[in-house]
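The values are calculated or read from the model by the stated rules, or taken from the named source; none is laboratory data. The model shown is predicted, which means the values in this text are computed figures rather than measured ones. Quick reminder, even Gly has a Cβ in these numbers, built from the backbone with ideal geometry, and neighbours come from all protein chains shown. Just so you know, the surface numbers come from the protein's heavy atoms only, side chains and all, with ligands and any DNA or RNA stripped out. Shrake-Rupley method; radii C 1.70, N 1.55, O 1.52, S 1.80 Å.
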Amino acid sequence: MVLIKEREMEIPVIDFSELDGENRIKTMSLLDHACDKWGFFMVDNHGVDKELMEKVKKMINSHYEDHLKEKFYQSEMVKALSEGKTSDADWESSFFIWHKPTSNICRIPNISDELIKTMDEYVSQLHKFAERLSNLMCENLGLSQEYITNAFSGPEGPAFGTKVAKYPECPRPELMRGLREHTDAGGIILLLQDDQVPGLEFLKDGKWVPIPPSKNNTIFVNTGDQLEILSNGRYKSAVHRVMTLKDGCRLSLATFYNPAGDAVISPAPELLYPSGYQFQDYLKLYSTTKFGDKGSRFHTMKKMENGDSV
């Protein structure tokens, strides 16, 4: 695990190449710590073709310059800001591509055949990474390997889509956010971001942590609200925002591994606290397991609650 130090905060970086060797147990522990205590981290050696990632970024930047930039700077929001007026809008130029269960990429205005092909290749590799990551999270949570995938699935599997965004240069950055403070509604978010321009910030222990640009095409990961619900609060979604800059136009491709629209989300039963027991029964168990793991006590109480022998 590598640590990037920024304003006395160390952002976890998980090296996935360590998962297949003697450091697997240590790496799994570091991944669990990043999900549990941070809610965001970087992944290197993720298996997605880095030359392909470079090509995607280059083509999206060209698409913005050719088809979106002029329209953005002619918008009412930009005109209002030039007069010192602000609004609840975000200083971003963005569009959303659905990949699964059905794709809308061919309906994106002015998108080229080459960009469609390149995005499809990238997303295919990224989807495999998302499934691998979700399986590893399940392992750390003590769930069956494909629990998250199955919980997120509708008839055609989980939803998978990408928000493509550019955060243009802003003449009055003190008056506008690129993206206001929020948590993500979905499950697991995989971010391919700018390698030069900063702006993304996450809230950690009451402090805003600047996320540095992603060198060498590491993937930045954060967990969303649905994973917090499924994990019964263990893997919490983190508040984040995008700051505007006077100099520098930031690229962001955030891909969401989300529940299908008709998926029913609830805490995994294995992760629920026991309920409906008498305190005296807990105290009896506690007297003999005081210095043991509390999780084992909870598990025992759940079995007693269900009428199982212990």
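Brief remarks on what is shown
The rows are residues; the columns are (1) in contact with a helix residue (DSSP H, G or I) (Cβ under 6 Å, 6 or more places away or on another chain); (2) β-branched (Val, Ile, Thr); (3) exposed (fewer than 12 other Cβ atoms within 10 Å of the Cβ); (4) on the phi > 0 side of the Ramachandran plot.
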position: 22; (1), (2), (3), (4): no, no, yes, no
position: 29; (1), (2), (3), (4): no, no, no, no
position: 54; (1), (2), (3), (4): no, no, no, no
position: 62; (1), (2), (3), (4): no, no, no, no
position: 66; (1), (2), (3), (4): no, no, yes, no
position: 84; (1), (2), (3), (4): no, no, yes, yes
position: 93; (1), (2), (3), (4): yes, no, no, no
position: 108; (1), (2), (3), (4): no, yes, no, no
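- Among the residues of the range 174-216, the ones that are open to solvent by 40 Å² or more (accessible area, probe 1.4 Å) and assigned to a loop (DSSP other than H, G, I, E, B) come to 9 in all.
- Counted as qualifying within the range 225-310 are the helices (runs of 4 or more DSSP H) with 1 or more residues that are open to solvent by less than 40 Å² (accessible area, probe 1.4 Å) and in contact (Cβ under 8 Å) with a residue 40 or more places away in the chain, namely 225-230.
- Filtered by the rule that a residue be among the basic types (Lys, Arg) and in a loop (DSSP other than H, G, I, E, B), the range 65-94 gives a lone residue, 85.
To keep it simple, each residue is scored yes or no on (1) open to solvent by 10 Å² or more (accessible area, probe 1.4 Å); (2) farther than 22 Å from residue 200 by Cα; (3) under 15 Å from the mean Cα position of the chain (by Cα).
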site	(1), (2), (3)
126	no, no, yes
131	yes, yes, yes
137	no, yes, yes
143	yes, yes, no
148	no, yes, yes
154	yes, yes, no
166	yes, no, no
172	yes, no, no
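- Residue within the range 104-112 that is outside any helix (DSSP H, G or I), over 22 Å from residue 249 (Cβ atoms) and out of contact with any Cys (no Cβ under 9 Å at 6 or more places or on another chain) present: yes
- Pairs with Cβ under 8 Å, 6+ apart, first in the range 126-140 and farther than 13 Å from residue 223 by Cα, second of a type in the set (Gly, Ala, Ser): 128/47; 129/47; 132/47; 138/144
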